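All remarks here apply to the structure that follows.
The values are calculated or read from the model by the stated rules, or taken from the named source; none is laboratory data. These numbers come from a predicted model, not from an experiment. Positions of Cβ are backbone-derived with ideal geometry, glycine not excepted, and every protein chain shown enters the neighbour counts. Side chains are part of the model used for accessible areas, which takes the heavy atoms of the whole protein and leaves out ligands, DNA and RNA. Shrake-Rupley method; radii C 1.70, N 1.55, O 1.52, S 1.80 Å.
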Amino acid sequence: MKTAYDIIIRPVITEQSMEDLDIKKYAFEVDKHANKIEIKKAIEEIFGVTVVKVTTTNVRGKEKRTGAYPKGMTATWKKAVVKLSADSKSIELFEGMA
């Protein structure tokens, strides 16, 4: 059985994710095999908030070069964007970022 901390890997902090903080949308990198129900329960357990909607996307790895010959790939990962309810508190992890 996976714990909530196994499902949520790290927050995704980009310009686009910071613009969505005022409408209570937060982005996280999650386990590739986690589904929306597991992600919702993990966010609610870790941060003590109420989740309304979860959207997920698989981010494909990009081809990268390390010199002239060897080509490699960056890792593929799964991103989840979580929308909180209007009466829910905000996530403190993102407080000083915006």
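Report yes if Leu93 is modelled with pLDDT under 95, out of contact with any strand residue (DSSP E or B) (no Cβ under 8 Å at 6 or more places or on another chain) and more than 20 Å from Lys2 (Cα to Cα), otherwise no. Spell out how you get there, then give the answer.
Numbers: modelled with pLDDT under 95: yes; out of contact with any strand residue (DSSP E or B) (no Cβ under 8 Å at 6 or more places or on another chain): no; more than 20 Å from Lys2 (Cα to Cα): yes.
For Leu93, the condition - modelled with pLDDT under 95, out of contact with any strand residue (DSSP E or B) (no Cβ under 8 Å at 6 or more places or on another chain) and more than 20 Å from Lys2 (Cα to Cα) - is not met.
Which of (1) closer than 13 Å to Val81 by Cα; (2) outside any strand (DSSP E or B); (3) open to solvent by 70 Å² or more (accessible area, probe 1.4 Å) does Arg10 not meet, given it meets every other one?
With (1) closer than 13 Å to Val81 by Cα; (2) outside any strand (DSSP E or B); (3) open to solvent by 70 Å² or more (accessible area, probe 1.4 Å) applied to Arg10, the lone miss is (2).
How many residues, within segment 5-31, are among the aromatic types (Phe, Trp, Tyr) and more than 14 Å from Leu93 (Cα to Cα)?
Start the filter on segment 5-31 by keeping residues that are among the aromatic types (Phe, Trp, Tyr), which leaves 5, 26, 28.
Now drop any that are not more than 14 Å from Leu93 (Cα to Cα), which leaves 5.
The qualifying residues number 1.
Open to solvent by 90 Å² or more (accessible area, probe 1.4 Å), of a type in the set (Ser, Thr, Tyr) and in contact (Cβ under 8 Å) with a residue 12 or more places away in the chain: is that true of Tyr5 in this structure?
yes
Just for strands (runs of 3 or more DSSP E) wholly inside segment 27-98: which have at least 2 residues that are crowded, with 17+ Cβ neighbours inside 10 Å? Can you show your working first?
Details: elements: 51-59, 63-65, 71-73, 77-84.
So the answer is 51-59, 77-84.
Report, by residue number, each residue of segment 31-62 that is of a type in the set (S, T, N, Q) and within 12 Å of Ala80 (Cβ to Cβ).
Going through segment 31-62, the residues of a type in the set (S, T, N, Q) turn out to be 35, 50, 55-58.
Result: Asn35, Thr55, Thr56, Thr57, Asn58.
Check off (1) buried (at least 16 other Cβ atoms within 10 Å of the Cβ); (2) part of a helix (DSSP H, G or I); (3) touching a residue at least 60 places away in the same chain (Cβ under 8 Å) for Asp22 and give me the number that stays unchecked.
The number of the failed condition is (1).
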